[in-house]
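Everything below concerns the one structure shown next.
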Amino acid sequence: MFGYDKAITRPPCNNFSEGLTHGLLGKPDTGLAKQQHQQYVNALRRCGVEVVVLRPDNDYPDSCFTEDEAIVTDRMAVIPSFCRPSRQGEEIRMRPIIEAFYSGRIEEIKKPGTLEGGDICRAENHFFIGISSRTNEEGARQFAEIVSRYGFTSDFCDIRGIKILHLSTGMSYIGNNTVVCCPAFKNLPALSARNVIVTSAKEAYAANCVRINDKVIMPEGFPNLRRKLQKAGFDIVTTPMSEIEKQDGGLSCLSIRMPKRI
Ligand code: CIR
């Protein structure tokens, strides 16, 4: 499932700092965020994918978080449904780009369902679906119904009692039945049959990492998790994420990774 050949990204726009954030880490430096985005694109390229870099979109301060704008698989793509007004419409701008790859194999989440791509985590032919402050039960139910029609299974992960934005903010599937997660997720029932690598509380941000082809990209500055993953046999690429983190964005949020055989 980690065979990707393209990734869709969009650099932070000039009003990046006006996006949604809990704000605890201070205001981001937009110039530095743009540089970090470029480094992220380079990291994707090192993993062997061709990177599509879209034009920055000043109408949507959070539009660099493309992961939230479409969920793609080797069988179909799903257009999500944003609940926060400042992000509603991002999915409409992304849709034609996705349609170019998936003619006729596009599904969508309909209101009153809400769902953002960051609440979806795929593990082989299974989906973990986060129910969060952004993805409601109806959106999660619609997504489960859609993926089951295409032969996938799924589990709901209710993270509403946990102070975290999306499911993928706190966990990633990296292959070999292995999930990396933050301490707050370690007892999620959906993870009971998985090998779980739990980060320390201090390194919780790095639980959001991305396996691409034979490498794992993780944020720079998390030496303990990096060592653990290297010990488990993973080839690690790191990239700086400080300004993206200030806007509550994790590493996966900056791209839509396109499977090789679509
Ligand atoms: C937001 O709050 O919507 C953005 N500032 C951050 C989105 C991060 N996306 C993700 O976790 N997939």
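The values are calculated or read from the model by the stated rules, or taken from the named source; none is laboratory data. Because the structure is predicted, anything quoted here is derived from the model rather than measured. Here the Cβ positions follow ideal geometry from the backbone for every residue, glycine too, while neighbour counts run over all protein chains shown. We work out accessible area using only protein heavy atoms, side chains counted, and drop any ligands, DNA or RNA first. Shrake-Rupley method; radii C 1.70, N 1.55, O 1.52, S 1.80 Å.
For the structure I just gave you, tell me whether ARG95 is under 18 Å from the mean Cα position of the chain (by Cα) and away from the ligand (no atom under 12 Å from the Cβ). Reasoning before the result, please.
Values: under 18 Å from the mean Cα position of the chain (by Cα): yes; away from the ligand (no atom under 12 Å from the Cβ): yes.
For ARG95, the condition - under 18 Å from the mean Cα position of the chain (by Cα) and away from the ligand (no atom under 12 Å from the Cβ) - is met.
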When the range 109-143 is examined, which residues are found to be assigned to a loop (DSSP other than H, G, I, E, B) and more than 14 Å from the ligand (Cβ to nearest atom)? ILE109, LYS110, LYS111, PRO112, GLY113, GLU124, ASN125, ASN136
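Return the only residue of PRO189, PRO183 being open to solvent by 10 Å² or more (accessible area, probe 1.4 Å), touching a helix residue (DSSP H, G or I) at 6+ places or on another chain (Cβ under 6 Å) and free of Cβ contacts under 8 Å to residues at least 40 places away in the same chain.
Working: PRO189 fails: touching a helix residue (DSSP H, G or I) at 6+ places or on another chain (Cβ under 6 Å).
Checking each option against the conditions leaves just PRO183.
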Within the range 73-94, count every residue that is open to solvent by less than 70 Å² (accessible area, probe 1.4 Å) and assigned to a helix (DSSP H, G or I). 5
How many residues, within the range 22-37, are in contact with a Lys or Arg (Cβ under 9 Å, 6 or more places away or on another chain), over 23 Å from ILE71 (Cβ atoms) and crowded, with 17+ Cβ neighbours inside 10 Å? 2
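Do you know which residues across the range 91-112 are in contact with a Pro (Cβ under 9 Å, 6 or more places away or on another chain) and either more than 28 Å from ALA193 (Cβ to Cβ) or of a type outside the set (Val, Ile, Thr) (or both)? Lay out the reasoning, then the answer.
Taking the range 91-112 first, the residues in contact with a Pro (Cβ under 9 Å, 6 or more places away or on another chain) are 91, 108-109.
Once the filter is applied, which keeps residues that are in contact with a Pro (Cβ under 9 Å, 6 or more places away or on another chain) and either more than 28 Å from ALA193 (Cβ to Cβ) or of a type outside the set (Val, Ile, Thr) (or both), the range 91-112 yields GLU91, GLU108.
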Testing GLY23 on (1) more than 15 Å from the chain's Cα centre (by Cα); (2) at pLDDT 95 or above, one condition comes back false. Which one is that? (2)
Working only within the range 151-175, note down all residues that are open to solvent by 60 Å² or more (accessible area, probe 1.4 Å), away from the ligand (no atom under 16 Å from the Cβ) and in a loop (DSSP other than H, G, I, E, B). GLY161
What number goes with the only condition from (1) open to solvent by less than 20 Å² (accessible area, probe 1.4 Å); (2) within 20 Å of THR239 (Cβ to Cβ); (3) free of Cβ contacts under 8 Å to residues at least 40 places away in the same chain that ILE197 does not pass? (1)
Are any of the residues in the range 3-12 within 12 Å of the ligand (Cβ to nearest atom), part of a loop (DSSP other than H, G, I, E, B) and farther than 29 Å from TYR102 by Cβ? no
Residue under question is CYS64, and the condition is that it be of a type in the set (A, V, I, L, M, F, W, C), crowded, with 17+ Cβ neighbours inside 10 Å and either away from the ligand (no atom under 13 Å from the Cβ) or outside any loop (DSSP other than H, G, I, E, B) (or both); does it hold? no
Which condition breaks for ILE244 when tested against (1) crowded, with 19+ Cβ neighbours inside 10 Å; (2) without any contact (Cβ under 8 Å) to a residue 60 or more places away in the chain; (3) in a helix (DSSP H, G or I)? (2)
Residues being open to solvent by 40 Å² or more (accessible area, probe 1.4 Å) and either closer than 18 Å to VAL147 by Cβ or under 19 Å from the mean Cα position of the chain (by Cα) (or both) - total across the range 102-116: 4
When the range 38-55 is checked residue by residue, the ones that are assigned to a helix (DSSP H, G or I), open to solvent by 60 Å² or more (accessible area, probe 1.4 Å) and either touching a residue at least 40 places away in the same chain (Cβ under 8 Å) or hydrophobic (A, V, I, L, M, F, W, C) (or both) are GLN39, ASN42, ARG46
List the pairs whose first member sits in the range 26-37 and is within 14 Å of GLY249 (Cα to Cα) and assigned to a helix (DSSP H, G or I), whose second member is open to solvent by 10 Å² or more (accessible area, probe 1.4 Å) and of a type in the set (Gly, Ala, Ser), and whose Cβ atoms are under 9 Å apart, counting only residues at least 6 apart or on separate chains? THR30/SER17; ALA33/SER17; ALA33/SER242; GLN36/SER242
